[in-house]
Amino acid sequence: MEISISRNRFLWKPGQYCGRNGDNMAGRRHSKRQREKWKREFERFREINRQIRANAPDILKSSNFHQTKHYIQHGNMTVNDHVLSVARCSIALDDRLRAHSDRKALIRGALLHDYFLYDWHKPDKEHPHRLHGFYHPGVALRNALAEYELTEREKDIIKKHMWPLTVVPPMCREAWIVTAADKWCSLLETLHMHRGHGAYSGM
């Protein structure tokens, strides 16, 4: 039997490990840079989560917000996981663009943009959910208004995040940022490039 082996697999490169006691300095430098990169990313992730906790403690503690762990949004991502991802992505995008948005409104609007509180994958006679993409921003806004005092920017984020389906475009930079972040996160989730843990089955 003939076994085909790629020659590139065994091609030696300068700086590559070349013996049991060889000193792979290039590999060590690469590993050190990688560790430093991971450390920066981890610290950035912690800082973003700190900002979310600081600006939305009431939302994060809400029983209705926790209820969103029971509903799937895209792929196997729950609504809860999705809105947290959108909030993190919105913060990162705001920083990258140096948009100097109202950070509190940005975070709270992102967390509440899908506050419709039902499973749109399970239609019933009363709520067929056939036009979920068109009408759920209005449902989310009504639910959020019933529970929280919202600023005009937060209202605009929730109401316009599905643009262009909402026809009327966002009227503030925070809403534009959340709209972009929502579409990016939704794409990754739909393509299963960003995976969750499925719907929570407990009480």
Of the residues 32, 125, which is part of a loop (DSSP other than H, G, I, E, B) and either modelled with pLDDT under 95 or crowded, with 21+ Cβ neighbours inside 10 Å (or both)?
-> 125
Among all residue pairs at least 6 apart or on different chains, which show Cβ distances below 8 Å where the first residue, located in the range 38-52, is in a helix (DSSP H, G or I) and the second is basic (Lys, Arg)?
-> 45/88; 48/88; 49/88; 51/103; 52/88
Residue 99 fails exactly one of (1) among the aliphatic types (A, V, I, L, M); (2) at pLDDT below 90; (3) closer than 20 Å to residue 174 by Cα, namely (2)
Scanning the range 153-178 for residues that are in contact with an Asp or Glu (Cβ under 7 Å, 6 or more places away or on another chain) and either at positive phi or surrounded by fewer than 17 Cβ atoms within 10 Å (Cβ to Cβ) (or both) gives 171
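The values are calculated or read from the model by the stated rules, or taken from the named source; none is laboratory data. Just so it is clear, the structure is predicted and the values come from calculations on it, not from any experiment. Reconstructed Cβ throughout: ideal geometry from the backbone, glycine too, with neighbour counts over all protein chains shown.
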